[in-house]
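Accompanying notes for the structure given below.
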Amino acid sequence: MLANQQFATEALRTVAVVGHGAAGKTTLVEQLLAKSRMIGAAGAVEKGTTVSDYDPQEKAALHSLRASVVHCDHAVGTINARIHLIDTPGYPDFIGQSIGALDAVETVMVVVSATGGIELVTRRMMDWAKKRKLCRMIVVNKIDHDNIKLPQLLEELREAFGSEVLPINLPADNGARVIDCFDKDEGEADFLSVADVHRQVMEQIVEVDDAAMEKYLEDGAVDPTTLHGPLEKALREGHIVPVCFVSAKTGAGVQDLLDVMVRHLPNPAEGNPPLFQKDGAGDDNQPFKSEPDAKKHVLAHVFKVVNDPYVGKIGIFRVHQGTITRDTQLYVGTRRDEGKKPFKVAHPLALQGKDTAEVPALVPGDIGAVAKVEEIEFDCVLHDSHDEDFVRMAPLEFPQPMFGLAIEPKRRGDEGRISDVLNKIAAEDPTLAIEHDAVQNETVIRGLSDLHLRSVLERMSTQYKLEISTRPPRVPYRETIAAGAEGHARHKKQTGGAGQFGEVFLRVEPLPRGAGFEFVDQVKGGVIPHNLIPAVERGVREVLATGYIAGYPLQDLRVVVYDGKHHPVDSKEVAFVSAGRKAMLDALEKARPTVLEPIVSIEIVTPDAHMGDITGDLSSRRGQVTGTGNLAGGMMVVQGIVPLAELDGYAGRLKALTQGHGSYAMELAHYEAVPPGVQQQLAQEFKAKRHGDEED
């Protein structure tokens, strides 16, 4: 059910519900909707009846694949609030959706399973939320399960995330209900003393406020109802991370959790300000402070895009400043364009899973949507004034997609549709990349895992009726240089009429790993006219794209053009493109070119009985173990680095080694030089292919 009541900014709460897969996030969101009477009864993931997991793929997979926006309205005493919730996927394969939700909320609610304990995504989301300066809280779910050790789990949470992790309620009657420890200092809990926990929470909060601390020291106690300000400050500064206990299955503690969110979580005027920045000259980006003021210019951030087959493109955004109504004219983007035209919002929408309803206004703190605006893209800013034309959100750090599949259509005639469909899907997913290798004439999609890419292929098949065949892609090797060198080339051509002439002197210099490419113009005296320098750079970049020894793109080098000659009549762009390309090839021949391979960081979760098998297998793949850790339920996490080229078929191998109980996630760590034998083999293969192409 979509409620039409309008809420002021002070009555809004925005919460991202995150955590590892199977922690019970979607079931908890259902219970929150049911307890707040937004729906008649809580749906079930296994029945495909939840508000959040409405996509057919999600219903079949029995877990979330994309972030979903819902809201619930709840009153505590005189406070009547609307809570915007973003239910996010829990498996690391779809972590991009969870990270993207961070810029839409004040609070990140990390759901931890009492049976699973602290898992991979738990740690990652706690870290990302802290870096983003968001308020954090932890909800321990499944407190009614048998054979769980809640005291031990609470200690593990404090050990992992700091002494600021403190419960503000405790389970009672074997998880059938919870006892509030914020207002109360008495009651019989399943573990710990309610009075002791109450005292610890009060002492933690008053530490951030001198007046409250003085009152506490004088009287030996403090009235919890007077601590709203200090509590908000403690949340903003990460000085307290409250823990609540629930059973999403039975509903135990869910009503209490609603009360906590309304009473204690910050509204948009109380949380840390969003991390906007204003583009300056070069890399000089300055912080930009938005204000949650409904009367100021509109500033909204698009944190999710959906390409609906029936509605078209939907941009889902968080309003940070100003008010959006049916008559609001908004601009898209962060780059000023003299020809840019605003669009009329016309139909501002509120969201409840797949359902939308038009609302009269969206104020700071609201999460809303607008449909059929093709210019909208993920991470863009919507604004109503050119004063905000250069404002953007500080970039989020998404894992770089490294798992690849080369794809081609099964049916002839579908070649043209692949690009269109992939671009639509990639527009929704910041961790999906599309590459086209012109040398191999190969389209490659890259994601975070095999499961991630399988979900993309399934969507292409079911939603877009596009059948795809796949094969392993080439490893994304790169090339660089190990030494500096100089190059020279003269291009001279006489064809009867006007000729072509261009001469270029340049040098190449190696740069640190990850530095990319720099082109420097040090030409003096106009020996190469200024308007022809871009032609030299174009020739250089042609070589960068096609590589030198193995056909892979070149990176981490600087090219300095310092001398040359031109002819007042015969010097044309085409001549200097050719001269630049040949001079670059001449320099590379003497610069000790080297092939680089991608090295990935890998995290493997495995039963501890298979620990030795996992580490031995990594060593056989030229990998190194960099760390290990214990997880709940007899599981372990193994961290390491390994060349991406050695992970072909690893999903199947891991399944065999762990009898189907292992999982892994990886992301790019860095590039480093391949062993000499591998470089020689790659160079020979490239030479043979080039020779074959010449014969053809």
Original post:
Does the stretch 164-174 contain any residue that is open to solvent by 50 Å² or more (accessible area, probe 1.4 Å) and farther than 21 Å from I118 by Cβ?
Top reply: yes
**OP:** Give just the number: which of (1) within 25 Å of the chain's Cα centre (by Cα); (2) open to solvent by less than 10 Å² (accessible area, probe 1.4 Å) does P348 not satisfy?
**Re:** (1)
Subject >> Near pairs, Cβ below 6 angstrom, 6+ apart or cross-chain, from the stretch 239-262 (at positive phi) to any residue that is assigned to a helix (DSSP H, G or I) >> reply: G251/Q31
Original post:
Which residues, taken from the stretch 193-246, are closer than 24 Å to A114 by Cα and among the charged types (D, E, K, R)?
Top reply: D196
Original post:
From A16, A81, A75, which residue is aliphatic (A, V, I, L, M), farther than 27 Å from L451 by Cβ, open to solvent by less than 10 Å² (accessible area, probe 1.4 Å) and in a strand (DSSP E or B)?
Top reply: A81
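Would you be able to tell me the number of residues in the stretch 468-485 that are touching a helix residue (DSSP H, G or I) at 6+ places or on another chain (Cβ under 6 Å) and either modelled with pLDDT under 95 or charged (D, E, K, R) (or both)? If you could, list the steps in order and put the result at the bottom.
Of the stretch 468-485, the ones touching a helix residue (DSSP H, G or I) at 6+ places or on another chain (Cβ under 6 Å) are 468, 475, 485.
Then drop every residue that is not either modelled with pLDDT under 95 or charged (D, E, K, R) (or both), which leaves 468, 475.
Residues flagged as touching a helix residue (DSSP H, G or I) at 6+ places or on another chain (Cβ under 6 Å) and either modelled with pLDDT under 95 or charged (D, E, K, R) (or both) within the stretch 468-485 amount to 2.
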Original post:
What number of residues within the stretch 321-337 satisfy the criterion of being assigned to a strand (DSSP E or B) and either closer than 17 Å to I376 by Cβ or modelled with pLDDT under 80 (or both)?
Top reply: 5
Original post:
Can you name the number of the only condition in (1) touching a residue at least 40 places away in the same chain (Cβ under 8 Å); (2) over 21 Å from the mean Cα position of the chain (by Cα); (3) outside any strand (DSSP E or B) that E377 fails?
Top reply: (2)
Subject >> Conditions (1) over 23 Å from the mean Cα position of the chain (by Cα); (2) crowded, with 22+ Cβ neighbours inside 10 Å; (3) within 22 Å of M261 (Cα to Cα); number of the one not met by V111 >> reply: (1)
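Looking for whichever is part of a helix (DSSP H, G or I) and at pLDDT 85 or above here; the options are A651, A591, A669, A609. Which one fits?
Sole residue among the options that is part of a helix (DSSP H, G or I) and at pLDDT 85 or above: A609.
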**OP:** Return a yes/no flag: does the stretch 240-255 have any residue that is more than 29 Å from A41 (Cα to Cα) and under 25 Å from the mean Cα position of the chain (by Cα).
**Re:** yes
Original post:
Which of the residues spanning the stretch 456-500 are closer than 26 Å to V574 by Cα, open to solvent by 30 Å² or more (accessible area, probe 1.4 Å) and among the hydrophobic types (A, V, I, L, M, F, W, C)?
Top reply: A498
**OP:** Quick one: in the stretch 561-600, of everything that is surrounded by fewer than 18 Cβ atoms within 10 Å (Cβ to Cβ) and among the aliphatic types (A, V, I, L, M), which residue is farthest from the chain's Cα centre (by Cα)?
**Re:** V569
**OP:** Could you grab the pairs with beta carbons closer than 6 Å, sequence gap of 6+ or different chains, first residue in the stretch 656-671 and over 18 Å from H610 (Cβ atoms) and in contact (Cβ under 8 Å) with a residue 12 or more places away in the chain, second one assigned to a loop (DSSP other than H, G, I, E, B) and of a type in the set (D, E, K, R)?
**Re:** H670/R513; Y671/R513
**OP:** Specify which of the listed residues (D389, D379, D429, D414) is modelled with pLDDT of 90 or more, open to solvent by less than 30 Å² (accessible area, probe 1.4 Å) and among the acidic types (D, E).
**Re:** D429
**OP:** Those residues that are surrounded by fewer than 20 Cβ atoms within 10 Å (Cβ to Cβ) and either on the phi > 0 side of the Ramachandran plot or free of Cβ contacts under 8 Å to residues at least 40 places away in the same chain (or both), I need them from the stretch 439-455; list them, please.
**Re:** Q440, N441, E442, R454
Original post:
Quick one: would you say T226 is open to solvent by 70 Å² or more (accessible area, probe 1.4 Å), among the hydroxyl-bearing types (S, T, Y) and at pLDDT 95 or above?
Top reply: no
**OP:** Please verify whether the stretch 324-332 includes one or more residues that are without any contact (Cβ under 8 Å) to a residue 40 or more places away in the chain and of a type in the set (S, T, N, Q).
**Re:** yes
Subject >> Among the candidates V319, V311, V298, V306, residue that is under 18 Å from S68 (Cα atoms) and open to solvent by less than 20 Å² (accessible area, probe 1.4 Å) >> reply: V319
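The values are calculated or read from the model by the stated rules, or taken from the named source; none is laboratory data. Quick caveat, the model's predicted, so the values are computed rather than measured. For neighbour counting, all protein chains shown are included, and Cβ atoms are generated from backbone atoms with ideal geometry for every residue, glycine included. The accessibility values were calculated without ligands, DNA or RNA, using every heavy atom of the protein model including side chains. Shrake-Rupley method; radii C 1.70, N 1.55, O 1.52, S 1.80 Å.
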